[in-house]
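Down below is the structure, laid out as C-alpha cells.
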Amino acid sequence: METRLLNIKPIKRKTIPEIVSEKVLELILSGKYQVGDKLPSQKELSELFNVSRPCIREAIYGLSMLGYVELRAGQGCYIRSLNNIPQLDVKFFRSNEEFTLINIFEVRIMLEPMITKLATLRSTKRDREELKKILSQQLKLESQDAGYLSFGTDFHKKIVEFTRNVFLIELMKKIYDELESKINLLYSDNLSLDLNIKQHTEIMNGILSGNSDLAEILAKNHLYHATKELDIYDKLSLFFK
C-alpha cells in the first residue's frame, strides 16, 4: 500500500489569478461576449469576482499572452478572434504515412455532424448573421474565381466557432486548412460546386431554424455527397450505415 501511495502525484493548488483566468475565459466562451467586444474594466471584474485588482491584472495579462484577449493601451481589454488561440500540438497530423483525404474525411464525418448540432444550439443572432454573410459572398463568385473555395472552408470554420469549444476550433481549423490545400488540386475534376453551395445553404437554413437535429442530418448528408464526388465513398461507407 505504501509503495502505491508513493506513485501518487500531489494535487497542485491553483492560484487566485489562475482561477480568475478560468472564470474570465468562461465569460469569453459563453457567448455573452463576441469577438471584438470590450471586456468589463479591471475594477468591474474585481468587484464581480471579489478579488483584488492586481489578481485581475495578472489574470488578464496571462490570457493576453495566450492570445484570448488583446490589451489596447488606454482603451481596455478586447476579445480576440478564436482563430488566434494558441495552436494545439498537431504533430500527430504528420507521420510517415500520407495525410490523405481519407484521413480528413474520417475526422470530419465523426465530428462535423455533432459540431453542427452543437453550433445550432449555441449560436447567437450575431453568429448567424456572420454565417449568412460568408455564404452570400461565396454566391457572388464564380467557381473559377480566386477565393471561391476559401469561402467554402470559411463557412465550416465559422460553424465550429459557434460551439465556443477552443479545442474543436483549433482542431477543425487544421482539418479545413489541409482540406483546402487538397481540394484546390482536385475540385476542377471531381467536386460539384453547385451542389456544394446548395448543401451549404441547406445547412445554414437548418442552423437558422434552430432545429439542431435537422442541422446534424444535413451536415452528414453534405459529407456523404462529398465522399461520393471525390470518389472515396467506398473507403468510408461504414460511417454512413
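The values are calculated or read from the model by the stated rules, or taken from the named source; none is laboratory data. Since we're looking at a predicted model, the values are computed, not measured. These area figures cover heavy atoms from the full protein model, side chains too; ligands, DNA and RNA do not enter into them. Shrake-Rupley method; radii C 1.70, N 1.55, O 1.52, S 1.80 Å.
Here are some notes:
- Built amide H within the under 5 Å cut-off of L39, gap 5+: C77, Y78, I79
- Around the amide H of V69, modelled in the peptide plane, lie the amide H atoms of S64, R80, all under 5 Å away and 5 or more residues distant in sequence or on another chain.
- Each residue of region 37-44 is assigned a 3J(HN,Hα), and the resulting list reads 6, 8, 6, x, 5, 4, 4, 5 Hz, derived from the Karplus form 6.51 cos²θ - 1.76 cosθ + 1.60 (θ = phi - 60°), x at Gly and Pro.
- Calculated from backbone phi, Karplus (6.51, -1.76, 1.60) coupling profile of region 63-71 in Hz, x at Gly/Pro: 5, 5, 5, 7, x, 6, 10, 10, 8
- Exposure ranking of F240, F167 by accessible area [1.4 Å probe, largest first]: F167, F240
- Potential extension, S30-S52 segment - 0.36 nm per residue separation minus Cα distance: 5.6 nm
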